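Trainee: Before I ask anything, let me first share the structure, which is written out below as structure tokens.
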Amino acid sequence: MVKYVLEKGPAFTILKVELNEGESIWVESGSYMLNKGDIEVKTTMGGGIVRGLLRAVAGGESLFFNIITARSKSEVWIAPPVTGDIAAIELGGEEVYIQDSSYLAHIGDVEVGVGWRGFKGLIAEGELVWVKAKGRGTVFINSFGALEHIRVGPGEKITIDNGHFVAIKGGKWSIRKFGGWKTFFLGGEGVVVDVEGPADLWVQTRNLPAFAGILGKFIPSKS
């Protein structure tokens, strides 16, 4: 099993992974920080080609994963692009659904691709995209703000604002607009996720789209 530690959390968490010769980690493009030891880096579209293309159309983000493979015993540091925390999700053949911007990296026999997309044209990002990771290994997720892990009991129901949703493993879930159309467009909420347990749920304490909206008020528009 690959060794790793999470440090500097919860606001500025970094992931430090130890790799033996021949071991690899798949990393979201733009999240590499540094390495110790001899490594090889390959950039691939992999299972994320569809996800990447969707993201490129919606927000101009990267198309690719970086696969970092150790040529000798090495250590790789990974840092998310936004301020927040990191958590590890162990998979033993199950699947986990992750908010697109919250996927960070994975180790092991894990396939990553588009798990769900919809509401095109109804939200500021252009399209709501979730990533699905399935297999055996460790998936690392990151948050904007602190990360809270909630165990949803059998039959228990929880509703989460989409901007605070990070990931879910198990359970049943559905996505809908919040309230009526007036609330959807003017109430500042928009889309929510209904979850019924048993499930493991990860949420973040800050809302990135809402924060981006605030910053937008201070950025001069082009004439």
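Every number in this text was worked out from the coordinates using simple rules, so none of it is lab data. No experiment lies behind these values; they were computed from the predicted model shown. Every residue, glycine among them, receives a Cβ derived from its backbone with ideal geometry; neighbour counts consider all protein chains shown.
Trainee: Express the relative contact order of segment 1-48 as a whole percentage, based on alpha carbon pairs under 8 Å and six or more residues apart in sequence.
Mentor: Averaging sequence separation for qualifying contacts and normalising by length gives 23 percent for segment 1-48.
Trainee: Could you tell me the calculated FRET efficiency between Ala88 and Lys172, based on Cβ-Cβ distance and R0 = 30 angstrom, to the nearest 0.05? If you can, show how the numbers build up before the last one.
Mentor: Working: r = 24 Å, r/R0 = 0.80.
Computed FRET efficiency for Ala88 and Lys172 comes out at 0.80.
Trainee: On a full-extension model of 0.36 nm per residue, what is the gain between Lys73 and Glu23, subtracting their alpha-carbon distance, rounded to one decimal in nm? Spell out each step's value before the answer.
Mentor: Working: separation 50, 0.36 × 50 = 18.00 nm, distance 0.90 nm.
Result: 17.1 nm gained on full extension.
Trainee: If you plug each phi of segment 20-34 into the Karplus form 6.51 cos²θ - 1.76 cosθ + 1.60 with θ = phi - 60°, what whole-Hz ³J(HN,Hα) values come out, in order, with x for Gly and Pro?
Mentor: Running phi through 6.51 cos²θ - 1.76 cosθ + 1.60 with θ = phi - 60° gives 7, 3, x, 7, 10, 9, 8, 10, 4, 4, x, 9, 5, 10, 6 Hz.
Trainee: Holding the Cα-Cα limit at 25 Å, pick out from Lys132/Lys157; Lys157/Lys177; Lys8/Lys132 the pairs that are longer than that.
Mentor: Details: Lys132/Lys157 22 Å; Lys157/Lys177 17 Å; Lys8/Lys132 27 Å.
Beyond 25 Å: Lys8/Lys132.
Trainee: With θ set to phi - 60°, apply the Karplus curve 6.51 cos²θ - 1.76 cosθ + 1.60 along segment 197-205 and write out the HN-Hα couplings as whole Hz, x wherever there is a Gly or Pro.
Mentor: x, x, 7, 9, 10, 10, 10, 10, 7
Trainee: What full-extension length gain, to one decimal in nm, is calculated for Asp109 and Ile219 as 0.36 nm per residue of separation minus the Cα-Cα distance?
Mentor: Working: separation 110, 0.36 × 110 = 39.60 nm, distance 4.31 nm.
Going from the current span to full extension adds 35.3 nm.
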